[in-house]
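*Asks:* Please read through the structure below; I'll follow up with questions.
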Amino acid sequence: MLEKITPIEVPPERKRVHFKFPASPRSGRTVLELQGVRKAYGALEVFRSVDLHVERGDRIALVGPNGAGKSTLMRILAGVEAPDGGARQPGQGVVARYFAQDEASRLDPSLTVYETLSAGSPIAMVPAIRNILGGFLFEGDDIYKRVRVLSGGERTRLAVARMLLHPSNTLLLDEPTNHLDIDSTNVLLDALTDYGGTLIFVSHDRYFVDRLATKVLDIGRGAAVLYPGTYEEFRWSRAQ
Ligand SMILES: Nc1ncnc2c1ncn2[C@@H]1O[C@H](COP(=O)(O)OP(=O)(O)OP(=O)(O)O)[C@@H](O)[C@H]1O
Ligand SMILES: [Mg+2]
């Protein structure tokens with residue numbers, strides 16, 4: 001006798017989002033240079049003397065414990081905070097975009113989700129807006145919600161979507177994966193994998209770092225040491 005088969009509820013599959021970054025002319029070979037950078041907050045010396053050379057196409061993950069100085073170095077790299085000593089030299093033709101650790105709180109609370117993306121997006125990207133909103137789980141009437149009513153996770157998703165719509169050849173991302181669910185993380189991961197520019201990022205998501213990083217910058221004890229290899233190789237070398 002045939003047994004009665006109970007159908008299993010399958011959640012509707014999310015549309016796979018194919019997102020192409022808006023084109024931006026590529027930068028020169030050297031993207032950023034730090035020489036002897038020192039940074040202190042009062043008596044706390046976060047960096048003693050950091051040298052760093054960032055080349056076009058690098059994908060550098062900043063790793064280190066909480067409070068090590070990752071966000072501080074990102075702000076210095078992005079040029080939004082000056083070092084106390086040493087120099088920062090940006091390369092030729094660098095069009096950089098910086099995603100701060102608190103980027104989600106920098107959205108305009110009075111705009112709707114859709115307006116947040118359409119305001120300031122290049123006209124060529126407008127047809128992509130709905131597509132990318134769907135990829136970051138904003139569907140139907142969600143797109144008319146005001147930022148002020150969104151949850152923390154929703155704001156992060158929106159901030160990431162907004163960043164992806166702007167042309168750049170250099171991205172500085174400080175924990176863009178915070179509060180992102182797995183699907184949204186994968187949309188971001190796919191977009192960044194196809195990104196032709198230079199990437200410097202912080203993430204506590206090991207899978208994300210493993211998939212993206214071609215170099216690792218080890219932050220801590222007042223220093224930043226560049227390891228030319230993947231995160232897996234970096235962990236392996238540290239375990240020896
Ligand atoms: N504006 C500031 N004024 C005073 N101290 C600061 C300031 N910004 C950062 N610090 C201190 O500098 C150190 C490095 O902070 P930073 O935010 O760069 O660490 P982080 O590696 O990004 O940590 P997390 O993983 O928690 O984000 C911390 O001890 C922090 O308290
Ligand atoms: Mg930080």
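*Asks:* Give the span of the stretch 25-93's Cα atoms along each principal axis, as three whole-Å numbers ordered largest to smallest.
*Replies:* Here the spans come out as 41, 23, 18 Å, largest first.
*Asks:* Can you give me the angle between helix 152-164 and the longest principal axis of the chain, using Cα atoms only, in degrees from 0 to 90, rounded to the nearest 10?
*Replies:* 70 degrees
*Asks:* Please compute one quarter of the surface area of the Cα convex hull for the chain and express it in square nanometres.
*Replies:* For the Cα atoms of the chain, the hull's average projected area reads 18.1 nm².
*Asks:* Report the Rg/Rh value for the stretch 198-240, based on alpha-carbon coordinates and the Kirkwood definition of Rh.
*Replies:* Result: Rg/Rh = 0.94.
Each value in this text was obtained by applying a stated rule to the coordinates, not by laboratory testing. Note that the structure is a prediction, hence the values are computed from the model and not measured.
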